[in-house]
Amino acid sequence: MVSAGVGKPISAACNLHVKWLQGAAEISIEARIGRMIMAIYQSMQRVRFRTASDYEQFKLVFAGVRHHLKTLPGFLHLTWWTHPDDPTWHNEVSFWTGFEALKDWHMNTYHKHAKQWAVPTGAIIEDIIVNFELKSTRLIRVCPCCGHAEDQPYDLHQEQARLAQPCPQCGFHFPVMQETPDSFAVFKDVTPPAGVVASARQTVDA
């Protein structure tokens, strides 16, 4: 016999998907300073190494990155992962409060030495870099305990604080990735600059 509560999360997820297709409200993360607009910046890199031993050496150097990133006021997020269908294809994604913040990292002494090791030696044979400016953010969650569903914009400056919030209906804590010693996951929240505007919260009950 199927209980009355079964299917609620699925139904809620479908409703959220429909709202997404209908163009539900988005958030524009922009800080207006004078006449300038400082948009959150994302850098994505797809990297291939010459040999497996080169990658192992890289991981030794990369593990120290988190200690330096956390000192930068404009750093928000770094994740590194390997494609499940191609173990030689590595992906890095990083978020910054603006393009100038990313430039600060490129000027960092540790970053400069790491780059000098990786590029001139030929350890990295390909690095595909694509940069973006943030348009919008949304967090969609369906609680596996009570079926409560949320679809809402959020401030990327405070992503870790937002992800740590439990289900507002039953208190279920969603899984959240923690920082790792190898620097494959590094996160930091910063105080949003004056002028950041978020649209009203939207929730959908299952």
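Using the structure shown, decide if S199 is under 22 Å from the mean Cα position of the chain (by Cα) and modelled with pLDDT under 95.
Yes, satisfied.
Which fully enclosed helices (runs of 4 or more DSSP H) of region 93-171 have 3 or more residues being in contact with a helix residue (DSSP H, G or I) (Cβ under 9 Å, 6 or more places away or on another chain) and closer than 26 Å to I40 by Cβ?
Once the helices (runs of 4 or more DSSP H) in region 93-171 are filtered for at least 3 residues that are in contact with a helix residue (DSSP H, G or I) (Cβ under 9 Å, 6 or more places away or on another chain) and closer than 26 Å to I40 by Cβ, what remains is 109-118.
List the residue pairs whose Cβ atoms are under 6 Å apart, where the first residue sits in region 159-173 and is under 11 Å from H148 (Cβ atoms), the second is at pLDDT below 95, and the two are 6 or more positions apart or on different chains.
Correct list of pairs: empty, since none qualify.
Listed residues F187, F172; which is more than 21 Å from V93 (Cα to Cα), of a type in the set (F, W, Y) and not assigned by TED's automatic domain parsing to the domain that holds R48?
F172
Which pairs have Cβ atoms under 7 Å, sit 6 or more apart or on different chains, and link a residue in region 53-71 that is assigned by TED's automatic domain parsing to the domain that holds H111 to one that is of a type in the set (S, T, N, Q)?
Final answer for the pair search is F62/S183; A63/S183; V65/S183; R66/S183; H68/N108.
All but one of (1) under 21 Å from A114 (Cα atoms); (2) among the β-branched types (V, I, T); (3) part of a strand (DSSP E or B); (4) at pLDDT below 95 hold for I37, so report the exception by its number.
Only one criterion is unmet by I37, namely (1).
So S183 fits all but one of (1) loosely packed, with under 13 Cβ neighbours inside 10 Å; (2) of a type outside the set (A, V, I, L, M); (3) in a loop (DSSP other than H, G, I, E, B); what number is the exception?
With respect to (1) loosely packed, with under 13 Cβ neighbours inside 10 Å; (2) of a type outside the set (A, V, I, L, M); (3) in a loop (DSSP other than H, G, I, E, B), S183 is out only on (1).
Look through E92, E126 and report the one residue that is in contact with a strand residue (DSSP E or B) (Cβ under 8 Å, 6 or more places away or on another chain), within 30 Å of Q158 (Cα to Cα) and not β-branched (V, I, T).
E92
The values are calculated or read from the model by the stated rules, or taken from the named source; none is laboratory data. Being a predicted model, the structure only gives us computed values, none of them experimental. Neighbour counts run over all protein chains shown; Cβ positions are idealised from the backbone, glycine included.
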